[in-house]
Amino acid sequence: MIYLDEEAVRRVLRWDDLILAMEGVLAEFSRGNVTQPVRNVLTIEERRRYLGIMPAIVGDVMGLKFVTFYPANAETGLPTHNATILLYRTDTGQPLAALDGRLITEMRTAAVSAAITKYLAPPKSRILALLGSGVQAHSHLEALSRVRTFSEVRVWSRNAAHAERFALEHGATAQDSTEAAVRGADVIVTATAAHEPILKGAWLKEGAHVNAVGSSRPDWRELDEEAMANTVVVDSRDAAAKEAGDVVMANAQIYAEIGEIFAGMKEATPLVTTVFKSVGLAVEDVAAAKLVVDATGP
């Protein structure tokens, strides 16, 4: 078994390949061609420290991600997510690789958002709003820029200094409120650990698309009921029903899994206001890890 650290992952994992791989594996997931239970999450300290165990079988490979989610680390500057992915051959059960999973988790989350944004956001989307200025804001700006051309990027953070720093680094404009960031935006990303809504549906322009990737606990949420009354898509119905407070607490009606849209089982709806609620799936991690191993070579 080989071990690939974060730098080895960074050398070979490319956005275009990853976005395409996420689209393909999620189509297979919604067709029922992969095996994956809902993530098992152990609470170490409520609202501060969690451990997730995520297995999946995807064709000729199978794997397990062991991931820690520590919102408490934001207070110290340490990563809030750390992970290790183990990859095995499906036919023989032999181990292939162990990979550092922090960067894979970061990139595959944004790649999934980019894949569905390609289908649901208006083709002429020009304004991107990022609520949150951390790791996922950085990765979403990179990934979404592969599928849409933005002439304006807005960023908001609970910590105004963080928003200003992000804006300086990326040519964005820091906003002093979530409403200012969201009004008029074509594509919005919520990437926070909010426990209460930070985005109101009343602020969304008709036809806007939201990628809600934070607050993946059943009693946390980023969007209010009005926002969640729009056309809602999820990565997994089962996972969203168990983990996504935005879906659970609003009793939101789910239009489709994104894999159903990728597979042509459900129509894309780029002319209406849409919300993608992401919780993250093991099949995404296994497919991304396989990309890395294949690109690394013998």
Practice prompt. Among the candidates A229, A180, A172, single out the residue that is over 19 Å from A115 (Cα atoms) and touching a Lys or Arg at 6+ places or on another chain (Cβ under 7 Å).
Written response: A172
Worksheet item: Since P79 meets every condition but one in (1) open to solvent by less than 40 Å² (accessible area, probe 1.4 Å); (2) closer than 28 Å to L144 by Cα; (3) assigned to a loop (DSSP other than H, G, I, E, B); (4) not hydrophobic (A, V, I, L, M, F, W, C), which condition does it not meet?
Response: (1)
Discussion item. Cβ-Cβ distance below 9 Å, separation of 6 or more or different chains: which pairs start in the stretch 30-47 with a residue that is touching a residue at least 60 places away in the same chain (Cβ under 8 Å) and end on one that is of a type in the set (A, V, I, L, M) and assigned to a loop (DSSP other than H, G, I, E, B)?
Written reply: S30/A263; S30/M265; R31/A263; R31/M265; Q36/L281; R39/V279; R39/L281; R47/A193
Worksheet, complete the sentence: Of the residues in the stretch 1-39 that are among the aromatic types (F, W, Y) and in contact with a helix residue (DSSP H, G or I) (Cβ under 8 Å, 6 or more places away or on another chain), the one that is surrounded by the fewest Cβ atoms within 10 Å (Cβ to Cβ) is W15
Discussion item. Against the definition (within 12 Å of the chain's Cα centre (by Cα), hydroxyl-bearing (S, T, Y) and within 20 Å of R10 (Cα to Cα)), how does T109 come out, yes or no?
Written reply: yes
Discussion item. I need the strands (runs of 3 or more DSSP E) fully contained in the stretch 1-65, keeping only those with at least 2 residues that are touching a Ser or Thr at 6+ places or on another chain (Cβ under 9 Å) and within 30 Å of G297 (Cα to Cα).
Written reply: 2-4, 49-58
Worksheet item: Across the stretch 136-172, which residue is nearest to A212 (Cα to Cα) among those that are open to solvent by 40 Å² or more (accessible area, probe 1.4 Å) and among the aliphatic types (A, V, I, L, M)?
Response: A160
Worksheet item: Can you pull out the residues in the stretch 173-193 that are surrounded by 20 or more Cβ atoms within 10 Å (Cβ to Cβ), out of contact with any helix residue (DSSP H, G or I) (no Cβ under 6 Å at 6 or more places or on another chain) and farther than 19 Å from R148 by Cβ?
Response: T178, T192
Fill in: Qualifying positions in the stretch 243-281 - without any contact (Cβ under 8 Å) to a residue 60 or more places away in the chain, among the β-branched types (V, I, T) and assigned to a helix (DSSP H, G or I)
V247, V248
Worksheet item: Any chance the stretch 260-283 includes a residue that's crowded, with 21+ Cβ neighbours inside 10 Å, touching a Lys or Arg at 6+ places or on another chain (Cβ under 6 Å), modelled with pLDDT of 95 or more and among the charged types (D, E, K, R)?
Response: no
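The values are calculated or read from the model by the stated rules, or taken from the named source; none is laboratory data. Quick caveat: nothing in here was measured; it's all calculated off a predicted structure. Glycine gets a Cβ as well: all are built from the backbone with ideal geometry, and neighbour counts include every protein chain shown. These accessible areas exclude ligands, DNA and RNA; they are computed on the full protein's heavy atoms, side chains included. Shrake-Rupley method; radii C 1.70, N 1.55, O 1.52, S 1.80 Å.
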